[in-house]
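Have a look at the structure below, then the notes.
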Amino acid sequence: MRGHVHDAVARDSKLDVGGTTARRRDRLGFDPAPFDAFRARLAPKERYAVDVPPGAKGPFITRGAVVRAYAAFYFLPAIQVTRADRVFHYRFR
């Protein structure tokens, strides 16, 4: 990634490497522990599915859709699919 693009992503995404867990908790309201534990057991290119209830509807999408989208990013280079033997379960508090 080009330096200026990397700097912009780190500055503007609020999910940069230095503060990912704390920022995820603050900005998205997710419990980071299940994400971190599941990620530690995934292998690159391993296929996994996400089991999450729809949750509350925000202005555009449900919280469940946000969890699925975030998981697709956070668990890279593993691959999110609709059905798999390995399943990430997430429940809202």
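Among the listed residues R39, R68, R23, R91, identify the single one that is assigned to a helix (DSSP H, G or I) and at pLDDT below 90. First the steps, then the outcome.
On the way: R39 fails: at pLDDT below 90; R68 fails: at pLDDT below 90; R91 fails: assigned to a helix (DSSP H, G or I).
Within the list R39, R68, R23, R91, the selection yields R23.
Here R47 does not fit the description of being modelled with pLDDT under 85 and either touching a strand residue (DSSP E or B) at 6+ places or on another chain (Cβ under 9 Å) or open to solvent by 70 Å² or more (accessible area, probe 1.4 Å) (or both). Scanning the range 50-61 for residues that are at pLDDT 90 or above and surrounded by 15 or more Cβ atoms within 10 Å (Cβ to Cβ) gives V50, V52. A search for C-beta distances below 8 Å between a residue of the range 40-54 that is farther than 11 Å from A78 by Cβ and any residue that is open to solvent by 50 Å² or more (accessible area, probe 1.4 Å) and of a type in the set (F, W, Y), counting only pairs 6+ apart in sequence or on different chains, returns P53/F92.
The values are calculated or read from the model by the stated rules, or taken from the named source; none is laboratory data. Quick caveat, the model's predicted, so the values are computed rather than measured. Glycine gets a Cβ as well: all are built from the backbone with ideal geometry, and neighbour counts include every protein chain shown. With ligands, DNA and RNA removed, areas are computed over all heavy atoms of the protein, side chains included. Shrake-Rupley method; radii C 1.70, N 1.55, O 1.52, S 1.80 Å.
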